[in-house]
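**Student:** Sharing a structure with you now.
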Amino acid sequence: AAVRGLGEAVVSTQSTGVISSDENVKELLAHYMQYGLALLANTPNQPGDLLKVLDKLEVGPYWKTLFGLLSRVSYQNDPLNQAFNNQHLAAHTDMPYYTQTPSVYFFHCVANELEGGESFWVDTFSALHHMRTEMPEMFEILAEVKVPFRQYRVGWHMAGSYPTIEMMGDDMYRTRDCNFVIDNFQFTKDYDPATRACWWEAYNYLRAMMTNPDRSVQVKLQSGDLAIIDNWRVQHGRNQFTVPEVADGAKRVMDVVYVEWSHVQNRLLRYH
């Protein structure tokens, strides 16, 4: 089945053919490297099967975070983490408070039976390239001002300050953007009102550029679908979904595993 991916037509690849062929794995990962997003259909769809799929793709070892080696996202009506409730989840990158944010993000649909809840992805680099050309002063602000991020719950408290755009020489290296974990109190302490006003103006301009449909794709993931996402480049989000007042067996369950970029690159390069 054809889907529209970040302004380019891509094919949702069947997992059986990919896993059985090294050349197909290479094509899948090369597509991911180019677009920052790849979709794999009809993988095993039981809870925990994601690790089995990744073992067959040979993209490990896997990166354990405070959420575990494999974390499960399902409805919990959790007011402390928007990922676990049923509200609209704005486009963002994961865990911006880590010194090194997760790079390769495997998002596996176990079940997606509730009304709504479509996943969407946005190519932030595309928006930033436009911004760098049209509004270079705003680009520089986002590359210089360190935004304080903070998230905590029982048992842990994570905090760190980093720019929205991280550069490597003259090239964009990665982005950090998760506005619902910005520590605005710390931001007020760290910067004067004029600097904060300039940053918010630049940040709002970036978010407006990200609404261009050519920079995004939206898909209602089906059970067994696997999205591979570049968390340094492509932001992800979710539409609101409806939770029935009376449980009828329908559910929405997603499994998540992070992998270091270098290990995925190794899986691709070792064929040359």
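The values are calculated or read from the model by the stated rules, or taken from the named source; none is laboratory data. Everything numeric here is computed off the predicted structure, so don't read it as measured data. FYI the Cβ positions are ideal-geometry reconstructions off the backbone, even for glycines, and counts take in every protein chain you see. Quick note on the areas: whole protein, heavy atoms, side chains included, nothing else; ligands and nucleic acids left out. Shrake-Rupley method; radii C 1.70, N 1.55, O 1.52, S 1.80 Å.
**Student:** Using a 1.4 angstrom probe on the protein heavy atoms only, line up TYR203, TYR173 by accessible area, largest first. Present the calculation step by step, with values, prior to reporting the outcome.
**Tutor:** Numbers: TYR203 10, TYR173 80 Å².
Putting TYR203, TYR173 in descending order of accessible area: TYR173, TYR203.
**Student:** Compare ARG72, ARG132, ARG215 in a GNM of the chain, Cα atoms joined below 10 Å, and give the one with the largest fluctuation.
**Tutor:** ARG132
**Student:** Among rounded, prolate and oblate, which fits region 9-168 when a ≥ b ≥ c are the square roots of the eigenvalues of its C-alpha gyration tensor, a/c under 1.5 means rounded, and a/b larger than b/c means prolate? All intermediate terms of the calculation are to be shown ahead of the outcome.
**Tutor:** On the way: a/c = 1.75, a/b = 1.25, b/c = 1.40.
Because a/c hits 1.5 or more and a/b fails to exceed b/c, region 9-168 counts as oblate.
**Student:** Under the classification rounded if a/c is under 1.5, otherwise prolate if a/b is larger than b/c and oblate if not, where does region 194-257 fall, given a ≥ b ≥ c as square roots of the Cα gyration tensor eigenvalues? Write out the running numbers ahead of the final one.
**Tutor:** On the way: a/c = 2.71, a/b = 1.92, b/c = 1.41.
Because a/c hits 1.5 or more and a/b exceeds b/c, region 194-257 counts as prolate.
**Student:** Also, I was wondering about something else. Return the single residue from VAL219, VAL59, VAL154 with maximal mean-square fluctuation; model: Gaussian network over the chain, springs between Cα atoms under 10 Å.
**Tutor:** Sorting by GNM fluctuation, first place goes to VAL154.
**Student:** Counting only heavy atoms of the protein chains, get the accessible area per residue of region 24-148 (1.4 Å probe) and round it to a whole Å² value.
**Tutor:** Details: 5280 Å² over 125 residues.
Per residue, region 24-148 has 42 Å² of solvent-accessible surface.
**Student:** To make sure I understand the rule: partners must be lysines, Cα under 22 Å from the Cα of LYS146, and not fewer than 8 residues away in the same chain. Which ones qualify?
**Tutor:** LYS189
**Student:** How much length is gained if the chain between GLN218 and ASN239 is pulled fully straight, taking 0.36 nm per residue apart and subtracting their Cα-Cα distance, in nm to one decimal?
**Tutor:** On the way: separation 21, 0.36 × 21 = 7.56 nm, distance 0.94 nm.
6.6 nm is the gain from fully extending GLN218 to ASN239.
**Student:** Compute the long axis of helix 124-134 from its Cα atoms, compare it with the longest principal axis of the Cα atoms of the chain, and write down the angle in degrees, 0 to 90, nearest 10.
**Tutor:** 30
**Student:** Ignoring ligands, DNA and RNA, how do GLU23, GLU260, GLU115 rank by accessible area with a 1.4 Å probe, largest first?
**Tutor:** Values: GLU23 100, GLU260 45, GLU115 135 Å².
Per-residue accessible area, sorted high to low, gives GLU115, GLU23, GLU260.
**Student:** A further question follows. In Å³ and rounded to a whole number, note down the convex hull volume per residue for the Cα atoms of region 154-272. Can you show the working numbers first?
**Tutor:** Details: hull volume 28.0 nm³, N = 119.
That works out to 235 Å³ per residue.
**Student:** How far is helix 22-35 tilted off the main Cα axis of the chain, in degrees rounded to 10, range 0 to 90?
**Tutor:** The angle comes out at about 20 degrees.
**Student:** Treating only the Cβ of Lys, Arg, Asp and Glu as charged (+1, +1, -1, -1), what charge dipole size does region 176-241 show about its Cα centre? Round to the nearest 20 debye. List each step's numbers first, then the result.
**Tutor:** Details: 8 positive and 8 negative charges, 31 e Å.
Roughly 140 debye for region 176-241.
**Student:** Heads up, I need the accessible area for MET131: 1.4 angstrom probe, whole protein in place, Å², nearest 10.
**Tutor:** For MET131, the solvent-accessible surface is approximately 0 Å².
**Student:** With Kirkwood's inverse mean 1/r over C-alpha pairs for Rh, give me the Rg to Rh ratio of region 35-108, two decimals please.
**Tutor:** Working: Rg = 13.7 Å, Rh = 14.4 Å.
Here Rg/Rh amounts to 0.95.
**Student:** Would you please give the FRET efficiency between GLU23 and ASP55, computed as 1/(1 + (r/R0)^6) with r the Cβ-Cβ distance and R0 = 22 Å, to the nearest 0.05? Intermediate values should be presented prior to the final figure.
**Tutor:** Values: r = 19 Å, r/R0 = 0.87.
It comes to 0.70.
**Student:** Take the solvent-accessible surface of the protein heavy atoms, probe 1.4 Å, and return the percent of it on the chain that carbon and sulfur atoms account for.
**Tutor:** Values: 6530 of 12840 Å².
Answer for the chain is 51 percent, counting heavy atoms of protein chains only.
**Student:** Keeping all protein chains in place, calculate the accessible area per residue for region 149-195 (probe 1.4 angstrom), answer in Å². Could the numbers behind the result be given before it?
**Tutor:** Values: 2660 Å² over 47 residues.
Result: 57 Å² per residue.
**Student:** Sticking with this one: Alpha carbon centre of region 101-136 versus region 62-97: separation in Å?
**Tutor:** Taking the Cα centre of region 62-97 as reference, the centre of region 101-136 is 14 Å away.
**Student:** Report, to the nearest 10°, how far helix 193-209 tilts away from the longest principal axis of the Cα atoms in the chain, using its own Cα long axis and a range of 0 to 90°.
**Tutor:** Around 30 degrees separate the two axes.
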